[in-house]
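A.B. asks: Before I ask anything, let me first share the structure, which is written out below as structure tokens.
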Amino acid sequence: MSRSKKAALDAGTIESGLEKQKTGQASGSPDGESITGEKSFQGRIEAMLPRGERNAVCSKDLMSVLGLANTRQLREAINFERMHGALILSTVRNRGGYFLPSPGEAGRREIAAFIRTVNARAVNSQRILRTARQALTVLDGQLEMEGEN
């Protein structure tokens with residue numbers, strides 16, 4: 001990321017998110033309504049993310065601002081917020097990153113694209129599990145045959 005873009009990012013969305021945290025506006029507690037109309041959990045990461053895929057913040061920048069050591073810690077923190085109702089989207093397009101959905105029709109398209117991506121990952125995971133289960137069944141059968149001798 002260029003210095004000027006990083007400076008703009010640091011001075012913009014993420015910094016305003018951090019300011020919200022300092023003033024208690026992003027305390028990691030129920031805070032307003034979610035896109036579905038339910039009370040939403042406003043977490044630390046959600047509070048600092050920009051709206052729109054074109055404004056997505058890359059993992060490296062989020063880790064730096066949050067003081068996290070690796071992407072695993074970042075994914076765990078984002079998953080925690082998602083499990084508490086935060087609609088944090090991600091993209092692998094361009095440089096990739098995390099963002100909140102845009103308002104209106106653009107946000108609808110972003111959410112639909114995110115759903116397709118997550119669904120594709122789930123389908124691939126199921127295929128991997130099926131293969132592993134089949135291998136385990138074969139191995140279990142072989143162990144039974146060896147034990148019969």
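A.B. asks: Look through the range 40-80, keep the residues that are among the charged types (D, E, K, R) and farther than 16 Å from residue 97 by Cβ, and return whichever of them is nearest to the chain's Cα centre (by Cα). Walk me through it before giving the result.
C.D. replies: Within the range 40-80, the first condition is being among the charged types (D, E, K, R), and the residues that meet it are 44, 46, 51, 53-54, 60-61, 72, 75-76.
Adding the requirement that they be farther than 16 Å from residue 97 by Cβ leaves 44, 72, 76.
Details: 44: 13, 72: 11, 76: 9 Å.
The residue in question is 76.
A.B. asks: With in contact with a Phe, Trp or Tyr (Cβ under 7 Å, 6 or more places away or on another chain) and in contact (Cβ under 8 Å) with a residue 40 or more places away in the chain as the only criterion, which of 85, 97, 107 stands out? Even if it seems obvious, please write down each step before you answer.
C.D. replies: Working: 97 fails: in contact with a Phe, Trp or Tyr (Cβ under 7 Å, 6 or more places away or on another chain); 107 fails: in contact with a Phe, Trp or Tyr (Cβ under 7 Å, 6 or more places away or on another chain).
Checking each option against the conditions leaves just 85.
A.B. asks: Please find, among 89, 49, the residue that is modelled with pLDDT of 95 or more, surrounded by 18 or more Cβ atoms within 10 Å (Cβ to Cβ) and in contact with a helix residue (DSSP H, G or I) (Cβ under 6 Å, 6 or more places away or on another chain).
C.D. replies: Working: 49 fails: in contact with a helix residue (DSSP H, G or I) (Cβ under 6 Å, 6 or more places away or on another chain).
So the residue among 89, 49 that is modelled with pLDDT of 95 or more, surrounded by 18 or more Cβ atoms within 10 Å (Cβ to Cβ) and in contact with a helix residue (DSSP H, G or I) (Cβ under 6 Å, 6 or more places away or on another chain) is 89.
The values are calculated or read from the model by the stated rules, or taken from the named source; none is laboratory data. The shown structure was predicted, so the numbers you read here are calculated from the model rather than taken from an experiment. Here the Cβ is made from the backbone with ideal geometry for all residues, glycine too, and neighbour counts use every protein chain on show.
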